[in-house]
1. Quick check: is even one residue across region 429-437 basic (Lys, Arg) and either surrounded by 18 or more Cβ atoms within 10 Å (Cβ to Cβ) or touching a residue at least 24 places away in the same chain (Cβ under 8 Å) (or both)?
2. Looking at THR262, is it β-branched (Val, Ile, Thr), out of contact with any Lys or Arg (no Cβ under 8 Å at 6 or more places or on another chain) and open to solvent by 10 Å² or more (accessible area, probe 1.4 Å)?
3. Find the residue count for region 371-409, including only residues that are closer than 14 Å to ILE27 by Cβ and modelled with pLDDT under 95.
4. Residues LEU451, LEU462: which one is free of Cβ contacts under 8 Å to residues at least 60 places away in the same chain and farther than 27 Å from ALA186 by Cβ?
5. In region 184-209, which residues are under 20 Å from VAL425 (Cα atoms) and within 11 Å of the ligand (Cβ to nearest atom)?
6. Are any of the residues in region 432-448 of a type outside the set (Ser, Thr, Tyr), modelled with pLDDT of 95 or more and touching a Lys or Arg at 6+ places or on another chain (Cβ under 7 Å)?
7. Could you run through region 439-451 and say how many residues are of a type outside the set (Ser, Thr, Tyr) and either in contact with a strand residue (DSSP E or B) (Cβ under 7 Å, 6 or more places away or on another chain) or surrounded by 18 or more Cβ atoms within 10 Å (Cβ to Cβ) (or both)?
8. Within region 196-244, how many residues turn out to be surrounded by 23 or more Cβ atoms within 10 Å (Cβ to Cβ), under 21 Å from ALA384 (Cα atoms) and among the small types (Gly, Ala, Ser)?
Amino acid sequence: MSTATRITPGLDGAPTDVDVVVIGLGITGTGVALDAVTRGLSVLAVDAHDLAFGTSRWSSKLVHGGLRYLAQLQFGVAHESAVERGILMERTAPHLTHPLSMLIPLGSVTSRRQAVLTGAGLLGGDVLRRAAGTSSAILPRPRRLPAVEALQLAPLRTAGLRGALVTWDGQLEDDARLVANVARTAAAYGAHVRTRARVLTASGTEVELRDELTGETTAVTARTVINATGVWAGDLVPEVTLRPSRGTHLVLRGSSIPGLHTAVFAPIPGTTGRFINVLPQPDGTIYIGLTDEPVDGEVPDVPEPSEPEIGFLLDVASAAFAQPLHRSDVIGAYAGLRPLLSSGDGSGMTSDLSRRHAVLTSTTGVITIVGGKLTTYRRMAEDAVDAAVDAAGFDAGPCRTAELPLLGAAPRPRLAELEEPARLVRRYGTDARLVLDDARAVSKLGDDELLAPIAEGVPVTLAELIFGVTHEGAADVDDLLDRRTRVGLIATDRALAVPAAARALRIVAAVR
Ligand SMILES: Cc1cc2nc3c(=O)[nH]c(=O)nc-3n(C[C@H](O)[C@H](O)[C@H](O)COP(=O)(O)OP(=O)(O)OC[C@H]3O[C@@H](n4cnc5c(N)ncnc54)[C@H](O)[C@@H]3O)c2cc1C
């Protein structure tokens with residue numbers, strides 16, 4: 001296995017005949033590329049834009065244990081989610097995941113009956129954890145806290161506060177970082193990973209590709225073609241009909257809710273068991289989400305949050321805390337489209353459609369993999385490649401990904417011992433050393449410049465940006481600021497960070 005990158009923009013030098021073409025480099029497509037290449041298949045995986053350009057960068061960044069599915073009595077999906085959460089947190093990506101405590105305040109809007117039902121649900125979630133074999137050392141058991149203890153974890157509104165329930169789930173360092181890591185791992189095993197390469201047409205054995213850098217078109221033949229284009233799946237395979245729903249998050253500075261040491265599930269007044277999530281992030285910001293709005297018409301490249309969604313999230317979150325939040329606390333907002341299969345009932349109730357994934361084979365033989373979650377990407381990829389191998393009838397090894405750590409992964413105790421800067425360890429695991437050594441070698445700069453925040457209040461470092469170009473296929477400032485790092489979530493920070501991103505691109509260009 002080579003660690004040199006094979007993630008590159010455009011199609012120059014790409015193979016024109018492979019076992020598998022994967023269309024889309026979100027979490028699903030990168031997962032499929034990794035699954036297929038580690039079964040011994042030759043892979044070309046492409047995206048029209050960039051790694052994690054679509055829904056995969058707009059999530060809540062949680063590694064779900066399936067609690068929500070449990071509430072909907074979807075036991076199979078709930079179990080699958082809990083199993084995949086355990087695989088990610090304990091084996092394949094301990095470096096990019098960590099436990100997150102979540103507090104559910106029991107205040108005046110939560111009746112005693114609702115509190116009992118919610119507590120029972122959390123216990124059910126813990127049964128799922130145990131059934132999945134995930135250690136309580138990683139995800140502790142849920143419990144009830146008296147109000148005084150709850151207030152030490154979060155500055156909750158005290159009027160009517162009877163206490164709180166606390167449970168644990170997984171949180172990602174960043175969703176787009178997971179995608180970049182899976183892509184780099186697939187490339188290290190030999191997959192050809194190409195950004196800026198759009199599939200114009202696809203059949204089960206051929207795709208027509210356009211190099212978005214040159215405008216040139218090429219035909220690539222394959223023994224199977226897997227469509228992992230999320231909300232755009234129906235553009236290439238018209239039999240697939242999706243009914244996307246938009247989910248919006250707000251971004252706040254940590255200082256907007258001082259004393260917040262846990263995620264808080266704020267109950268939506270007038271509903272039973274529905275919450276919005278207030279989620280502290282590893283970089284010190286806070287996300288508040290999420291909405292669920294059906295979307296009709298053409299799918300935009302980048303969905304926009306609406307003002308009513310922003311107002312709704314702010315109002316519900318504000319009601320949970322001692323100090324109200326204001327519109328001026330909102331320093332960013334983002335929206336993503338859930339790739340939900342259409343139920344065909346025309347009811348418009350997208351939140352009731354199954355979130356489980358589907359593998360669909362078109363009349364021309366294209367395998368589409370759609371739905372699911374970031375959490376279940378590995379299982380989705382396994383199912384898609386199994387279906388492709390069966391349909392095409394070729395030899396391939398068994399799926400290996402459940403036991404295959406991503407690049408940089410290591411058991412938590414080993415990660416805790418690493419001496420590299422904590423931010424790099426959090427984002428690259430054992431590859432923190434590689435990131436730093438690469439940046440030193442390429443730039444000839446000292447660590448004081450490579451490891452300093454690139455602008456005031458922006459914790460990203462020049463070392464990460466250089467690595468994004470040398471090892472993760474970043475081709476421009478947008479790739480670096482909006483996907484390899486997430487500075488772009490806050491417009492004012494992004495403006496401050498542009499010169500550093502441009503500098504990283506110049507530094508690498510000078511040595512290529
Ligand atoms: C608001 C929100 C919050 C969520 N929160 C969570 C969460 O906390 N935890 C969790 O587990 N899941 C969560 N999910 C679900 C999860 O984010 C998605 O299921 C997942 O990211 C979908 O990934 P994907 O790879 O299938 O699609 P995408 O990420 O959309 O990737 C599709 C890719 O295909 C490319 N593409 C499209 N057309 C073409 C073409 N013709 N040629 C080449 N490339 C093309 C696009 O550029 C894009 O990069 C959330 C979803 C939403 C919307």
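The values are calculated or read from the model by the stated rules, or taken from the named source; none is laboratory data. Predicted model only: the values in this text are computed from it and were never measured. We place every Cβ from the backbone using ideal geometry, glycine too, and count neighbours over all the protein chains shown. Ligands, DNA and RNA are stripped out before the accessible areas are found, and what is left, the full protein with its side chains, is counted by its heavy atoms. Shrake-Rupley method; radii C 1.70, N 1.55, O 1.52, S 1.80 Å.
1. Pass one, region 429-437, residues basic (Lys, Arg): 433.
Imposing the further condition that a residue be either surrounded by 18 or more Cβ atoms within 10 Å (Cβ to Cβ) or touching a residue at least 24 places away in the same chain (Cβ under 8 Å) (or both) reduces the set to none.
No, that holds for no residue.
2. In short, no.
3. Going through region 371-409, the residues closer than 14 Å to ILE27 by Cβ turn out to be 371-382, 384, 401, 406.
When the remaining residues are screened for being modelled with pLDDT under 95, the result is 371-373.
Residues in region 371-409 being closer than 14 Å to ILE27 by Cβ and modelled with pLDDT under 95: 3 in total.
4. Values: LEU462 fails: farther than 27 Å from ALA186 by Cβ.
Answer to the selection: LEU451.
5. Result: no residue meets the conditions.
6. First, pick out the residues of region 432-448 that are of a type outside the set (Ser, Thr, Tyr): 432-442, 444-448.
Adding the requirement that they be modelled with pLDDT of 95 or more leaves 432-442, 444-448.
Okay, now just the ones that are also touching a Lys or Arg at 6+ places or on another chain (Cβ under 7 Å), so none.
No, because not a single residue in region 432-448 is of a type outside the set (Ser, Thr, Tyr), modelled with pLDDT of 95 or more and touching a Lys or Arg at 6+ places or on another chain (Cβ under 7 Å).
7. As a first pass, look at region 439-451 and keep what is of a type outside the set (Ser, Thr, Tyr): 439-442, 444-451.
When the remaining residues are screened for being either in contact with a strand residue (DSSP E or B) (Cβ under 7 Å, 6 or more places away or on another chain) or surrounded by 18 or more Cβ atoms within 10 Å (Cβ to Cβ) (or both), the result is 439, 442, 450-451.
Final tally of qualifying residues: 4.
8. Of the residues in that region, 5 qualify.
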